[in-house]
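J.: Mind looking over this structure? Questions follow.
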Amino acid sequence: MLIQSILKQGVHMHPFHDLSGICLYNDNTTEMVTLFVQATHVERLLGGQSPCSRDERRMLQSLEDKGFINEHSLSCLKHLS
Amino acid sequence: MLKTFELALPPFHFQIQTDLPLVVDNLKAMYGHGLLDVINGHTHLAYIDYKLHITHTNGFRRFYKPQARFKCDQYEPFKPLNHSQAFAMLEWGMNWTIASYEMEHVVIHSGVLARGDEAVLFPAPPGSGKSTMTAHLAFNGWRLLSDEMALITPLTQSVVPFVRPICLKNQSIALAKQWFQDAAFSSIAKDTHKGDVVHLAAPVHHSSDLIRPAQIKAIVFPKFVANAQLEIVQLNQAQAMHQLADNAFNYSVLGDKGFNTLIGVVERSACFVITYSDVQDVQAFLEQEVLSQANDIVGEHYA
């Protein structure tokens, strides 16, 4: 799953050139967040290809709550046992 | 008596009205030829961006523990302060005005100095020693663009000068008076919420220093710790963005243009956190390491 496909309309994403993370900006709320993970890692979590730690789950839930990603984007998450 | 001045302070024009002699004296000491007297309504500047007032409070308080009040275009953002703090209040009011209303530039709470036309941003919270370091560099071969706020042209690396007096607090006042014996200092504003405050007139070597932009090459987040050895930590871009956004005033108002400007600045700059106690160590680090590394980053980015 590509991360762009679950971003809400008006959310801009920038993956940093040095692969240190990504930055999201929500035009609707003017909120900006910096994630210290690469976009590909987020895509693997959302696609269920990588198990998701409690912190990662919290991070993604927070993105959903703050309107950065579409509702129900977290349905495929596979929890770390 | 209410006096009116115009202050050409690129990229802005201010009109300042005051009935406080302390403010008049300090304005003349700090801004020199940039300060223009308006006599009998005869103005000098073609337009005014902001109209500022710093005047005595009315009524009884004019005589008993007199206070000063600041207004920007009739809006009063602060409570009145003791009249001995009036000039500091005017300077803070100018900061507040630009931070609140400026939309042509992305505004970051940051010192900005340039070596030639290569600029380094120093974003930092109060108490980090930013102004002391700024003062040292400004009087030792670096060009001061601002002690307080970086004005970045959107979607570029270009930072425009907004040259104002450097605000020194507490122990740094005596240090600066010892370092720069020929410089102009304002009167002291005692017991403000920042402690004792003095402003130091910015050194302007050429008139072009007031208008010539510089290109941002590096971002250094400074932290003063007494007796500390210079410690340098290089930040990755995500860390730098996280810290820079904390110091940005208006990117949210500018929308994706502001966001992309910050991203561009971080992507093309070398970024560091430094802990220091000796400003000369900082200067050597900036000149020998930071600017050369920054040029490598810019080259790599455009390769």
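J.: Spot the failing condition for B:E104; the list is (1) crowded, with 20+ Cβ neighbours inside 10 Å; (2) of a type in the set (D, E, K, R); (3) more than 29 Å from B:L230 (Cα to Cα), and only one is missed.
T.: Result: B:E104 fails condition (1) only.
J.: While we're on this one: Which residue pairs have Cβ atoms under 7 Å apart, sit 6 or more places apart or on different chains, and have a first residue in region B:88-111 that is over 19 Å from B:Q15 (Cα atoms) and a second that is in a helix (DSSP H, G or I) and aromatic (F, W, Y)?
T.: B:V106/B:Y251
Every residue, every condition in (1) surrounded by fewer than 24 Cβ atoms within 10 Å (Cβ to Cβ); (2) among the aliphatic types (A, V, I, L, M); (3) over 21 Å from B:T261 (Cβ atoms); (4) touching a strand residue (DSSP E or B) at 6+ places or on another chain (Cβ under 7 Å), yes or no:
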position	(1), (2), (3), (4)
B:F87	no, no, yes, yes
B:S100	yes, no, no, no
B:V112	no, yes, no, yes
B:R115	yes, no, yes, no
B:E118	yes, no, no, yes
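J.: Go through B:L7, B:L52, B:L35, B:L20 for me and flag whichever is surrounded by 14 or more Cβ atoms within 10 Å (Cβ to Cβ), in contact with a helix residue (DSSP H, G or I) (Cβ under 8 Å, 6 or more places away or on another chain), assigned by TED's automatic domain parsing to the domain that holds B:E76 and over 25 Å from B:Y101 (Cα atoms).
T.: Answer to the check: B:L20.
J.: Then there is this: Specify which of the listed residues (B:R143, B:R61) is in contact with a helix residue (DSSP H, G or I) (Cβ under 6 Å, 6 or more places away or on another chain) and in contact (Cβ under 8 Å) with a residue 12 or more places away in the chain.
T.: Details: B:R61 fails: in contact with a helix residue (DSSP H, G or I) (Cβ under 6 Å, 6 or more places away or on another chain).
That would be B:R143, the only listed residue that is in contact with a helix residue (DSSP H, G or I) (Cβ under 6 Å, 6 or more places away or on another chain) and in contact (Cβ under 8 Å) with a residue 12 or more places away in the chain.
J.: One residue is enough: does region B:178-191 have a residue meeting the conditions farther than 19 Å from B:L27 by Cα and either touching a strand residue (DSSP E or B) at 6+ places or on another chain (Cβ under 6 Å) or part of a helix (DSSP H, G or I) (or both)?
T.: Yes - at least one qualifying residue is present in region B:178-191.
J.: Answer yes or no: is there a residue in region B:107-116 that is modelled with pLDDT under 95 and not in a strand (DSSP E or B).
T.: Yes, because at least one residue in region B:107-116 is modelled with pLDDT under 95 and not in a strand (DSSP E or B).
J.: When residues of region B:170-212 are filtered for being basic (K, R) and either at positive phi or without any contact (Cβ under 8 Å) to a residue 40 or more places away in the chain (or both), how many remain?
T.: Looking only at that region, the number is 1.
J.: Determine if region B:246-258 includes at least one residue that is aliphatic (A, V, I, L, M) and modelled with pLDDT of 95 or more. Reasoning before the result, please.
T.: Taking region B:246-258 and keeping what is aliphatic (A, V, I, L, M), we get B:248, B:253-254.
Narrowing the set further to residues that are modelled with pLDDT of 95 or more leaves none.
For region B:246-258, residues aliphatic (A, V, I, L, M) and modelled with pLDDT of 95 or more: absent.
J.: Okay, next question. If the requirement is being β-branched (V, I, T) and more than 25 Å from B:A8 (Cα to Cα), which of these qualifies: B:T57, B:T134, B:T97?
T.: Working: B:T134 fails: more than 25 Å from B:A8 (Cα to Cα); B:T97 fails: more than 25 Å from B:A8 (Cα to Cα).
So the residue among B:T57, B:T134, B:T97 that is β-branched (V, I, T) and more than 25 Å from B:A8 (Cα to Cα) is B:T57.
J.: Continuing with this model, one more query. Here is a list: B:F78, B:F70. Which entry is among the hydrophobic types (A, V, I, L, M, F, W, C) and either closer than 23 Å to B:L254 by Cα or surrounded by fewer than 20 Cβ atoms within 10 Å (Cβ to Cβ) (or both)?
T.: One residue alone meets the criteria, B:F78.
J.: Additional query: Take the residues of region A:41-81 that are of a type in the set (S, T, Y) and exposed (fewer than 14 other Cβ atoms within 10 Å of the Cβ): which is modelled with the lowest pLDDT?
T.: Among them, the one singled out is A:S81.
The values are calculated or read from the model by the stated rules, or taken from the named source; none is laboratory data. Just so it is clear, the structure is predicted and the values come from calculations on it, not from any experiment. For neighbour counting, all protein chains shown are included, and Cβ atoms are generated from backbone atoms with ideal geometry for every residue, glycine included.
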